[in-house]
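Encoded as structure tokens, the structure appears first; notes follow it.
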Amino acid sequence: MSQTWIIGAFLISMAYMLVTIIKFKMNAFYSLLSGSFILAFLIRMPLTDINGAITGGFAGALGALGIVVALGAILGSLLSMSGATEQLAAGVLRAAGKERSSLAMNIIGFIISIPVYMGSAYIILNPLCKNLSKDTKKNVIVYTTALSIGLLVTHCLVIPTPGPLAVANTLGIDIGWFILYALLVSIAASLTGGWLYGEFMGKKYPYEELIEDLKEDTAEATDSDKKVPSFALSVSLILLPIVLILVGTVLPFIVPAAAPFSAFLSGNSGLVALLISDIVAFVALKPYIDTPLSKIISKTFNEQGEMLLILGAGGAYGSIISNGGVGDALVSLLSSWNISVLILAFILCILLRAALGSATVALLTTATILGPVASEMGTNMILLGLSICVAAVGLALPTDGGFWLVEKLDNLGFKKTLISFTGGATIASLVGFAVVMILNACAGFLPGLH
């Protein structure tokens with residue numbers, strides 16, 4: 001079979017998934033799974049091999065990610081239900097003061113979205129945007145931009161969020177080094193697209209008085225006496241899994257004999273680090289949670305079911321790509337184009353992000369497609385992962401549920417949401433990719449990249 005036909009079949013399967021998700025609103029799980037079969041038929045994979053390739057790819061993805069995604073989701077639920085996220089937000093705002101309140105909101109979003117799902121975090125923290133708008137007489141768009149972009153950047157870039165975790169696993173890269181460089185890239189992206197761009201929006205749009213729902217004030221008064229964890233405990237629990245993974249990565253350079261322990265602590269996608277963090281959170285946050293832990297875990301698992309199925313279906317699609325010769329055909333094509341895989345990864349992922357709406361699906365699909373290609377071409381896989389993840393931040397269009405969350409909760413209207421949320425996300429994405437390219441230029445002497 002010719003390479004032209006294989007690439008054509010791949011493009012047809014991609015077009016099928018875009019149309020079914022965007023036009024016919026098909027669930028991403030069914031679209032990815034049926035797209036896997038379509039690709040397998042088009043490249044004439046033997047019928048006896050198709051089922052095994054799909055189930056093997058599905059099992060491989062969930063075998064590596066299922067437990068870790070579940071553990072990360074539990075940690076996020078515990079932090080949300082105990083009030084730890086609100087405490088961290090209040091502490092950062094106190095430290096920053098009114099004059100730097102938009103920077104504080106950006107930092108709050110950046111930190112909290114690491115363990116807590118972006119949508120849930122935005123709903124929890126959104127009242128702070130409205131209160132700060134009243135206090136500082138700045139348009140609420142300043143704070144919604146700072147918060148939403150801070151949340152989105154770490155949602156797409158920093159492990160243990162499922163998207164970047166899936167990318168790291170698919171590309172087979174060391175998650176410790178990946179986290180370290182992802183934090184570097186994401187800080188630049190978040191501050192530029194969230195804080196600085198949000199302040200620019202404040203100059204463009206004057207302050208407008210907000211009409212608040214009295215029920216919100218009542219709810220706040222009712223919950224004011226609730227016992228909540230301290231700021232120090234809250235931030236410690238949020239950062240604990242990242243610190244453990246980074247310790248596991250750096251320790252062998254300090255104590256070579258500790259290499260086996262380090263691999264145990266930070267290996268397998270950070271499973272041990274997350275398990276330890278969950279256990280610590282169980283004990284430390286129990287006095288602040290009224291709901292039984294068993295119910296919290298059950299609720300969290302129910303909410304994460306769809307995410308796990310989508311990750312598994314993405315693994316199935318990737319298995320067909322790797323077993324059907326699509327990767328070899330792409331290698332040949334890229335070699336003739338003489339284009340950087342990092343640039344191609346960024347372009348492909350940001351277009352998928354715009355079309356599909358889901359950052360997680362765009363991340364996983366791009367990593368699955370280009371992982372084998374990049375490996376054969378000798379591309380640094382950490383930089384490839386960063387290029388993919390930072391691309392998923394950009395072009396957050398109305399196909400993304402987060403777009404409508406910002407629009408509806410803050411009554412910004414379509415135009416303002418497009419300018420602030422989509423514009424800020426795209427700026428953050430481009431700035432982050434510029435940092436990735438700088439890292440690529442310096443890769444020869446940077447640890448973990450050479």
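The values are calculated or read from the model by the stated rules, or taken from the named source; none is laboratory data. Please read all numbers here as calculations on a predicted model, not as lab measurements. Using ideal geometry, Cβ is built from the backbone for each residue, glycine included, and neighbour counts are taken over all protein chains shown. Just so you know, the surface numbers come from the protein's heavy atoms only, side chains and all, with ligands and any DNA or RNA stripped out. Shrake-Rupley method; radii C 1.70, N 1.55, O 1.52, S 1.80 Å.
Out of all the residues in the range 93-110, which are open to solvent by 20 Å² or more (accessible area, probe 1.4 Å) and in contact (Cβ under 8 Å) with a residue 12 or more places away in the chain?
Correct list: L93, K98, L103, I107, F110.
Would you tally the residues in the range 417-448 being over 22 Å from A359 (Cβ atoms) and either in a helix (DSSP H, G or I) or modelled with pLDDT under 90 (or both)?
So in the range 417-448, the residues over 22 Å from A359 (Cβ atoms) come out as 438, 440-448.
After this cut, where a residue has to be either in a helix (DSSP H, G or I) or modelled with pLDDT under 90 (or both) as well, the list is 438, 440-441, 443-448.
Residues in the range 417-448 being over 22 Å from A359 (Cβ atoms) and either in a helix (DSSP H, G or I) or modelled with pLDDT under 90 (or both): 9 in total.
Run I22 past the list (1) in contact with a Ser or Thr (Cβ under 7 Å, 6 or more places away or on another chain); (2) open to solvent by less than 60 Å² (accessible area, probe 1.4 Å) and report the number of the one that doesn't hold.
Here I22 clears every test but (2).
Count, please, the residues in the range 247-268 that happen to be within 21 Å of I111 (Cα to Cα) and open to solvent by 40 Å² or more (accessible area, probe 1.4 Å).
Adding up the residues that qualify gives 1.
Quick check on the range 43-88: of everything there that is open to solvent by less than 50 Å² (accessible area, probe 1.4 Å) and not in a helix (DSSP H, G or I), which residue is nearest to S236 (Cα to Cα)?
Checked the range 43-88; the qualifying residue nearest to S236 (Cα to Cα) is G83.
All but one of (1) assigned to a loop (DSSP other than H, G, I, E, B); (2) open to solvent by 50 Å² or more (accessible area, probe 1.4 Å); (3) polar (S, T, N, Q) hold for S375; state the number of the condition that does not hold.
(1) is the only condition that S375 fails.
Does L265 fit the bill of being in contact (Cβ under 8 Å) with a residue 40 or more places away in the chain and among the hydrophobic types (A, V, I, L, M, F, W, C)?
No: the conditions fail for L265.
Just to be sure, is G91 among the small types (G, A, S), modelled with pLDDT under 85 and part of a helix (DSSP H, G or I)?
yes
With respect to V185, is the statement that it is under 13 Å from the mean Cα position of the chain (by Cα) and either crowded, with 24+ Cβ neighbours inside 10 Å or free of Cβ contacts under 8 Å to residues at least 12 places away in the same chain (or both) true?
No, not satisfied.
Just wondering, is there one or more residues in the range 355-375 that are of a type outside the set (K, R) and farther than 28 Å from F41 by Cβ?
Checked the range 355-375: at least one residue is of a type outside the set (K, R) and farther than 28 Å from F41 by Cβ.
Checking G394 against (1) surrounded by 20 or more Cβ atoms within 10 Å (Cβ to Cβ); (2) part of a helix (DSSP H, G or I), which single condition isn't satisfied?
In the conditions (1) surrounded by 20 or more Cβ atoms within 10 Å (Cβ to Cβ); (2) part of a helix (DSSP H, G or I), G394 misses (2) alone.
Can you list the helices (runs of 4 or more DSSP H) lying wholly within the range 274-366 that have 2 or more residues being surrounded by 22 or more Cβ atoms within 10 Å (Cβ to Cβ) and at pLDDT 85 or above?
Numbers: elements: 293-323, 326-337, 341-356.
Fully inside the range 274-366 and qualifying: 293-323, 341-356.
Can you pull out every residue in the range 13-46 that is modelled with pLDDT of 85 or more and on the phi > 0 side of the Ramachandran plot?
Listed by number, the list holds a single entry, R44.
To keep it simple, each residue is scored yes or no on (1) modelled with pLDDT under 95; (2) at negative phi; (3) open to solvent by less than 60 Å² (accessible area, probe 1.4 Å).
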residue	(1), (2), (3)
L151	yes, yes, yes
T161	yes, yes, yes
A168	yes, yes, yes
G172	yes, no, no
G198	yes, yes, yes
E212	yes, yes, yes
K215	yes, yes, no
K226	yes, yes, no
P229	yes, yes, yes
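Check F10 against each of (1) at pLDDT 90 or above; (2) within 19 Å of L333 (Cα to Cα); (3) open to solvent by less than 70 Å² (accessible area, probe 1.4 Å) and name the one condition it does not meet.
It is condition (1) that F10 fails.
Show the residue pairs meeting these rules: Cβ distance below 6 Å; 6+ apart or different chains; first residue within the range 18-45 and under 14 Å from V361 (Cβ atoms); second residue at pLDDT 90 or above and surrounded by 18 or more Cβ atoms within 10 Å (Cβ to Cβ).
From residues that are under 14 Å from V361 (Cβ atoms), the pairs are S36/I54.
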